[in-house]
Amino acid sequence: MSDILELKDVSFFAQNRSIVEDFSWRYEEGKTTALAGPSGGGKSTVLKLSAGLLVPGRGEVCFRGKNIAHMSHKENLEFRAEAAFVFQDSALWANQNLLQILELPLQIHFPRMSAAERGKRIEEVLKEVGYKKEMAIRPSMLSMGEQKLIAFARAMICRPRLLFLDEWTESLDGSAAGRLVNLVKSRQEAHDTVIFVSHDLRIIRDLADQVLMIQDGKLLITLTREQLDSDAHLAQYLEKGIAS
Ligand SMILES: Nc1ncnc2c1ncn2[C@@H]1O[C@H](COP(=O)(O)OP(=O)(O)OP(=O)(O)O)[C@@H](O)[C@H]1O
Ligand SMILES: [Mg+2]
């Protein structure tokens, strides 16, 4: 398998300090990578840099060999059609209702899709994530867990092949979290690329082909799932880092 995304000596600065420092990594196409580590360590920032949502202060992020920061509008739209992001805080548009939130990506990426087809796709995705309630309401009327379901549905709606998921099972009950984990498994079976942040060692063990341990904005250690399964010390070390 080839590399789909590469971070080359990436640094990110804010308020006169470095949040991410000299971070290099190649994400393999069709593989699942977990970003783990202590709170405030830089996982969300690395995920957003990887997705081209933040522009590095130094270094570059390349999607299929092309620097995301230098993409044309057309190239960027093609990249966006292939990729999807679930934000840690869900980041649903506050002034839109849930139906509008799910319709917008379809309108942008499939402008010729009919309203009936959009409705069908939305129904399908809602069923997959298990959201059964009202759609003509705004996100502020949802619980945090329900917002996560809609954020996940929005990410899946255009059938992306590259998924960025930030703490995507947080605030969900066990059965809802399990449903989303199974949805990610089905994407893995279809050889999609998944990059996710989680504090949950069970989910990391269940899904990740490799784990990047991030602390103080730096890549501290990389582990394979086999290493986690076979080496109790490494697993313990990771769990400590996640929990701290
Ligand atoms: N735009 C910004 N301006 C200033 N500081 C920032 C900015 N973005 C992130 N930070 C800081 O960088 C550090 C890393 O943040 P980040 O959100 O990436 O951590 P994280 O590993 O995702 O943490 P958590 O597990 O709590 O979600 C934090 O100390 C945060 O306050
Ligand atoms: Mg975070």
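The values are calculated or read from the model by the stated rules, or taken from the named source; none is laboratory data. The shown structure was predicted, so the numbers you read here are calculated from the model rather than taken from an experiment. Because the Cβ atoms are built from the backbone with ideal geometry, glycine has one as well, and the counts that use them run over all protein chains shown.
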Here are Arg112, Arg159, Arg179: which of them is among the charged types (D, E, K, R), more than 16 Å from ligand 1 (Cβ to nearest atom) and not in a loop (DSSP other than H, G, I, E, B)? Arg179
Of the residues Val20, Val10, Val86, which is within 30 Å of Met144 (Cβ to Cβ) and more than 16 Å from the chain's Cα centre (by Cα)? Val20
Filtering the stretch 162-176 down to residues that are surrounded by 23 or more Cβ atoms within 10 Å (Cβ to Cβ), within 16 Å of ligand 1 (Cβ to nearest atom) and of a type outside the set (Asp, Glu), which residue is nearest to Ala51 (Cα to Cα)? Phe164
The number of residues in the stretch 10-30 that are polar (S, T, N, Q) and under 11 Å from Gly59 (Cα atoms) is 2
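Filter the stretch 153-190 down to the residues that are β-branched (Val, Ile, Thr) and within 16 Å of ligand 2 (Cβ to nearest atom) and list them by number.
Correct list: Thr169 only.
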Counting only residues that are among the polar types (S, T, N, Q), touching a helix residue (DSSP H, G or I) at 6+ places or on another chain (Cβ under 9 Å) and outside any helix (DSSP H, G or I), the stretch 94-109 contains a total of 2
Could you tell me which of the residues Glu21, Glu6, Glu60 is in contact (Cβ under 8 Å) with a residue 60 or more places away in the chain, charged (D, E, K, R), more than 13 Å from ligand 2 (Cβ to nearest atom) and in contact with a strand residue (DSSP E or B) (Cβ under 7 Å, 6 or more places away or on another chain)? Glu21
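For (1) surrounded by fewer than 18 Cβ atoms within 10 Å (Cβ to Cβ); (2) within 16 Å of ligand 2 (Cβ to nearest atom); (3) outside any strand (DSSP E or B), each residue gets a yes or a no:
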position: Arg26; (1), (2), (3): yes, no, no
position: Gly40; (1), (2), (3): yes, yes, yes
position: Ser44; (1), (2), (3): no, yes, yes
position: Leu49; (1), (2), (3): no, yes, yes
position: Arg80; (1), (2), (3): no, no, yes
Which of the residues that make up the stretch 225-244 are more than 14 Å from Arg202 (Cα to Cα) and in contact with a Pro (Cβ under 8 Å, 6 or more places away or on another chain)? Gly241, Ser244
Of everything in the stretch 60-89, what is within 16 Å of ligand 1 (Cβ to nearest atom) and not charged (D, E, K, R)? Give them in sequence order. Val61, Phe85, Val86, Phe87, Gln88
Taking Asp22 and the conditions (1) on the phi > 0 side of the Ramachandran plot; (2) within 16 Å of ligand 1 (Cβ to nearest atom); (3) in a loop (DSSP other than H, G, I, E, B), which numbered condition does it fall short on, given that it satisfies the others? (3)
Of (1) at pLDDT below 95; (2) farther than 29 Å from Ser50 by Cβ; (3) crowded, with 16+ Cβ neighbours inside 10 Å, Lys132 satisfies all except one. Which? (3)
